[in-house]
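Comments concern the structure below.
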Amino acid sequence: MNFELKALSLSAAAALKCDLLIVPISSQSGDFSAQQEVLPQWLAAAIAHKDASTEAGSQLQAYQIAGIKARRVLVLGTGQGSAKELRSALLGAASALKAPAVEHAALCLSALDAPDVAIAVQALHEALYHYQHTKPSAKVPAIKKLTLGVPNKRAAEAAFTLGQAIAAGQTTAKEWGNRPANHATPSHLAEVAQALGKAENMRCKIHGPKEVAKLGMQAFMAVAQGSKEPLQLIELHYQGAAKTEAPVVLVGKGITFDTGGISIKPAAAMDEMKFDMCGAASVLGVFTALAQLQPAINVVGLIPACENMPDGAAIKPGDVVTSMSGQTIEILNTDAEGRLVLCDALTYAQRFKPAALIDIATLTGACVIALGGIRSGLYASEDTLASQLQTAGEQALDLCWRMPLDEDYGEGLKSNFADVGNVAGRAGGSITAAKFLQRFVGDAPWAHLDIAGTAWKEGAAKGATGRPVALLLHYLLQRAA
């Protein structure tokens, strides 16, 4: 699809020949009747007759308006005109954008701040996203060209580029999150990373079972041993700054399918456990965007990828393994496997002497109970890092909420037979999981994003969301600035 940025006023938009012209209006839009051109005058009349409204979520569609070359005009109410309301309105226009007769659509943003341009670009891509890798019968939108009209093209170019890159990253994360486990194995993820490694300032290294064994990653290996699919430790590097500059290290949980192992999950909705690699998918999404943006920062991405399966070789409740850090772990619940693969990857990450270490994981159902699907759970070892990530989330409309890390929460992880157990009691389950991970991060500033509630949606809209790619990119770009 050709997506162009164009200088386009509301008045000039009437002369743009297209199949669909989208015009957002808000309570801040001003008085259209003061403008003499045909489109503002038509808008003023539509509002005066209460056919169009600035109320968030309202829509008015009109066809073949005299003096307007667009075949159809869609007016979207955006309330106060905030970025959040604009995003919601554009997502609500998905059916219009995907209509069979729409090959060229245009969005006229008559007066918008640069950050809102990036949000608009992402929303348009999200509205047009369709999954078809294993569904060839899926209807592909007819749209071939999308025009984003802004008052000042030069002023909007940087935000347009950012929005395009974030959207590309989110699409990568959604695509791999949505693919069934037999189409998204650890080896498939390794192939994606190797392709990314060919981009400018990128490189990739894949550690297979033999290399992981040499590293002493027994916790990671223990999870993988019940599956015939070989594990992969994926290592991506983006070098946009001097080699002497410490990198930010991102660690994404890559359980490509989670049965729970011997502590097997209920059958209901087990298909959704293909989404248990959304942390890994978000890291791949971030590197997709970095390849486009080329910011002045160094980033390392680590993905411990494997399946958690219950065959005769699988780990058993009560087994004890020695992690790469040297700490022994009593595996009390094989369905608490994400922390086992992450703990070894976090230990491995320390060799890069990170400026910040961030892991991203669909880690606990407890986080879903606590925060639902609105905000990701954020745990951080220091206030500065927590504040930076929260600010990035607000800018990106990819929200998180800081959770506690009091030492007392770690008491339940004590074991009579190992240095630590992999689970505590039911209470505070998301927190105790974070406390487990904290034992393996060393001295680096560390944050953990529990995305179990935000990585995918259930029901009729079932599918990966691409979160928290936008949050992570805004954070990285803040550091690069």
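The values are calculated or read from the model by the stated rules, or taken from the named source; none is laboratory data. Everything numeric here is computed off the predicted structure, so don't read it as measured data. Please note: Cβ atoms are built from the backbone with ideal geometry, for glycine as well, and neighbour counts cover all protein chains shown.
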For segment 27-104, which fully contained helices (runs of 4 or more DSSP H) count at least 1 residues that are closer than 30 Å to Q395 by Cα and either small (G, A, S) or at pLDDT 95 or above (or both)? 83-91, 94-97
Residues within segment 14-26 that are out of contact with any strand residue (DSSP E or B) (no Cβ under 7 Å at 6 or more places or on another chain) and part of a loop (DSSP other than H, G, I, E, B), tallied: 2
Would you kindly identify the helices (runs of 4 or more DSSP H) lying entirely within segment 133-221 that contain at least 3 residues that are in contact with a Gly (Cβ under 9 Å, 6 or more places away or on another chain), modelled with pLDDT of 95 or more and not assigned by TED's automatic domain parsing to the domain that holds L86? 153-178, 186-196
Scanning segment 364-401 for residues that are closer than 19 Å to R439 by Cα and touching a Leu at 6+ places or on another chain (Cβ under 8 Å) gives G377, L378, Y379, A380, S381, A386
From A434, A447, A380, grab the single residue that is in the same structural domain as D276 (by TED's automatic domain parsing), among the hydrophobic types (A, V, I, L, M, F, W, C) and out of contact with any helix residue (DSSP H, G or I) (no Cβ under 7 Å at 6 or more places or on another chain). A434
Residue in segment 150-161 that is of a type outside the set (F, W, Y) and in contact with a His (Cβ under 9 Å, 6 or more places away or on another chain) present: no
Which one is farthest from L124 (Cα to Cα) among residues in segment 41-94 that are of a type in the set (S, T, N, Q) and without any contact (Cβ under 8 Å) to a residue 12 or more places away in the chain? Q41
Which one of these is in contact with a Lys or Arg (Cβ under 8 Å, 6 or more places away or on another chain), of a type in the set (A, V, I, L, M, F, W, C) and closer than 20 Å to E235 by Cβ: C306, C343? C343
For K457, are the conditions met, namely being in contact with a Phe, Trp or Tyr (Cβ under 8 Å, 6 or more places away or on another chain), in the same structural domain as T347 (by TED's automatic domain parsing), under 22 Å from T171 (Cβ atoms) and surrounded by fewer than 24 Cβ atoms within 10 Å (Cβ to Cβ)? no
Name the residue that is farthest from Q327 (Cα to Cα), counting only residues in segment 381-428 that are aliphatic (A, V, I, L, M) and assigned to a helix (DSSP H, G or I). A396
Report, by residue number, each residue of segment 262-305 that is among the charged types (D, E, K, R) and either farther than 17 Å from A173 by Cβ or at pLDDT below 95 (or both). K265, D271
Looking only at segment 127-138, decide whether some residue is charged (D, E, K, R) and in contact (Cβ under 8 Å) with a residue 12 or more places away in the chain. no
Of the residues in segment 365-411 that are over 22 Å from S82 (Cα atoms) and surrounded by 23 or more Cβ atoms within 10 Å (Cβ to Cβ), the one that is farthest from the chain's Cα centre (by Cα) is A380
Is it fair to say G453 is within 28 Å of T288 (Cα to Cα) and part of a loop (DSSP other than H, G, I, E, B)? yes
Of all residues being over 19 Å from Q28 (Cβ atoms) and small (G, A, S) in segment 119-152, which is surrounded by the fewest Cβ atoms within 10 Å (Cβ to Cβ)? Just the residue, please. S137
